[in-house]
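K.L.:
First the structure, which I've put down as structure tokens, then a few questions once you've had a look.
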Amino acid sequence: MGLPIATRLALLAGRTAASLSRKLGKGRGAQIGGKLAYRIRPRTLQDLGAGRLTVLVSATNGKSTTAALLAAAVRTLGPTAFNATGANMEEGIVVALDENRTAPYAVLETDEAYLGVVVSATRPQVIVLMNLSRDFLERGVRAKKLAQHWRDTLRAIDWPCVVVADADDPLVAWSARDYVNVVWVAGEDTFVSDAMVCRDCLTKLQRADTGGDWRCPECGFHRPSPEWSLRDGVAVGPEDTVSLPSALPGHAACVNALFAVAASTAVGVTANDAANAIATVENVDGRYAPHMVGDHTVRVLLAKNPASWTESIETIREAAAQDPHRSIVLGMAGRGDGGGQDTAMLWDAPFERLARLSVTTAGSRGDELALRLLAADVDARWAGDDVLGAIKAQPAGAVDLVANWPAFNAVLDQIGRGA
């Protein structure tokens, strides 16, 4: 790919900064290099994105997993740039595209608040819009504001682009309702308290007891009819029906795979090829794949807000039902930019589903997490600040670790992220 000299020089400066960051132990260099290049040459992202078939994936929860599954599927067409480290703002995307400069395809996880910037710069052919819900308060971004941002972003698109959107989330459906080329997917959202009212008339939505259907009794705004849905682990689309033998745990991962298949077919991958590629993904930047820690086999899950805690709780609850000897460790650490200061949101997650299970909490905010669990009738014990130490103190065997962003990264920095 021929890049302007100014862009090449900016990228060289960025790569140098990233390398220095890694050598000094300041991080993985997934953002600092892109940030410097972006500062030097604001058109860097446009220059790197030109000439590619690009797919963007955005959501409050599940975007990393869905993007990883989608990247595996798109690779069946050819080399594909992908921001596998999860660095999903402009600077991280610059690094990913620079590392795969000649790849004709790109699958880019995109922070929901930065969708407009990335869409404008990369002019994608497909955009995957999944759920919108509250995140940790330190971000200062509200789900309803994001819905308006997404809506404005879609209105500005003046090139051929397919939007693959979540029909079960009223905020997402409202964002995409006026767009002309939408493929609707049944997202089976389990956390719905942030989308209780119609965004047009502020009337409480009516929801069906089963099936995910919803409707506004005032203006008639209603759930779009999904073209893709899950039925007993099978993806059912307008023309294709394919089994989804995902290697990742939990029902949420199956829904992520459904979005990945729907988006893959929009760029020319067959549903069967997409499903086969998806089945090979076992690790998403350290998540899901087993890590050996002494005589423990540790599976790491990320939970950063009420919706992701809800999904993680269900995953570990199901695992505990199948293996009563499996240990459960929940990590909660505090850091201003990573979701550890806002512990009030723990009271919005359904920890009651873990009632009567034995759970160890750890991390600098783990005592507050233990308090929430005790209120939910869970046998909880805070083991102190050291999350990895709490894992090692469990009986030998399988351990499920669910951790917020600071604790998640701290543990994976110590035990590695795998392939």
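The values are calculated or read from the model by the stated rules, or taken from the named source; none is laboratory data. What you are looking at is a predicted structure, and each value in this text was computed from that prediction instead of being measured. Note that each Cβ is placed from the backbone with ideal geometry, even for glycine, and that neighbours are counted across all protein chains shown. Accessible surface areas use protein heavy atoms only, side chains included; no ligands, DNA or RNA. Shrake-Rupley method; radii C 1.70, N 1.55, O 1.52, S 1.80 Å.
K.L.:
Consider only pairs whose beta carbons are under 8 Å apart and that are at least six residues apart or on different chains; among these, list those whose first residue lies in the range 382-401 and is closer than 10 Å to Val329 by Cα and open to solvent by 50 Å² or more (accessible area, probe 1.4 Å) and whose second residue is charged (D, E, K, R) and outside any loop (DSSP other than H, G, I, E, B).
P.N.:
Within 8 Å, the pairs are Trp382/Asp367.
K.L.:
Right, next: Out of curiosity, is Trp174 within 27 Å of Ala257 (Cβ to Cβ), open to solvent by 10 Å² or more (accessible area, probe 1.4 Å) and assigned to a helix (DSSP H, G or I)?
P.N.:
Here the answer is yes, as Trp174 does meet what is asked.
K.L.:
Tell me, which strands (runs of 3 or more DSSP E) lie completely within the range 206-262 with 2 or more residues that are without any contact (Cβ under 8 Å) to a residue 40 or more places away in the chain and β-branched (Val, Ile, Thr)?
P.N.:
Hits in the range 206-262: 234-236, 241-243.
K.L.:
Does at least one position in the range 402-410 carry a residue that is open to solvent by less than 60 Å² (accessible area, probe 1.4 Å) and either over 22 Å from Asn305 (Cα atoms) or without any contact (Cβ under 8 Å) to a residue 24 or more places away in the chain (or both)?
P.N.:
Looking through the range 402-410, none of the residues is open to solvent by less than 60 Å² (accessible area, probe 1.4 Å) and either over 22 Å from Asn305 (Cα atoms) or without any contact (Cβ under 8 Å) to a residue 24 or more places away in the chain (or both).
K.L.:
Select, from Val234, Val182, Val164, Val192, the only residue that is over 19 Å from the mean Cα position of the chain (by Cα) and buried (at least 16 other Cβ atoms within 10 Å of the Cβ).
P.N.:
It is Val182.
K.L.:
Name every residue in the range 326-342 that is modelled with pLDDT under 85, open to solvent by less than 20 Å² (accessible area, probe 1.4 Å) and at negative phi, in order of residue number.
P.N.:
Within the range 326-342, Gly338, Gly340, Asp342 meet the criteria.
K.L.:
Another one. Report yes if Leu374 is buried (at least 18 other Cβ atoms within 10 Å of the Cβ), among the hydrophobic types (A, V, I, L, M, F, W, C) and either outside any loop (DSSP other than H, G, I, E, B) or touching a strand residue (DSSP E or B) at 6+ places or on another chain (Cβ under 9 Å) (or both), otherwise no.
P.N.:
No; evaluated as a whole, the condition is false for this residue.
K.L.:
Among the residues of the range 237-262, write down those that are among the small types (Gly, Ala, Ser) and either over 19 Å from Thr315 (Cα atoms) or surrounded by 22 or more Cβ atoms within 10 Å (Cβ to Cβ) (or both).
P.N.:
Within the range 237-262, Gly237, Ser243, Ser246, Ala252, Ala253, Ala257, Ala260, Ala262 meet the criteria.
K.L.:
List the number of the failed condition for Thr360; all other conditions in (1) buried (at least 20 other Cβ atoms within 10 Å of the Cβ); (2) part of a helix (DSSP H, G or I) hold.
P.N.:
Evaluating Thr360 over (1) buried (at least 20 other Cβ atoms within 10 Å of the Cβ); (2) part of a helix (DSSP H, G or I) leaves (2) as the failure.
K.L.:
Could you grab me the full set of residues in the range 166-195 that are free of Cβ contacts under 8 Å to residues at least 40 places away in the same chain and more than 24 Å from Ser312 (Cβ to Cβ)?
P.N.:
Listed by number, the residues that qualify are Asp178, Tyr179, Val180, Asn181.
K.L.:
Just a yes or no: is a residue in the range 310-332 of a type in the set (Gly, Ala, Ser) and in a loop (DSSP other than H, G, I, E, B)?
P.N.:
No, there is no match, as no residue in the range 310-332 is of a type in the set (Gly, Ala, Ser) and in a loop (DSSP other than H, G, I, E, B).
K.L.:
Only one residue in Asp213, Asp194, Asp200, Asp189 is acidic (Asp, Glu), more than 21 Å from Leu115 (Cβ to Cβ) and either in contact with a Lys or Arg (Cβ under 7 Å, 6 or more places away or on another chain) or at pLDDT below 90 (or both). Which one?
P.N.:
Only one candidate qualifies: Asp213.
K.L.:
Where residues in the range 124-166 are in a helix (DSSP H, G or I) and either touching a His at 6+ places or on another chain (Cβ under 8 Å) or small (Gly, Ala, Ser) (or both), which of them is modelled with the highest pLDDT?
P.N.:
Ranking the qualifying residues of the range 124-166, first place goes to Ala147.
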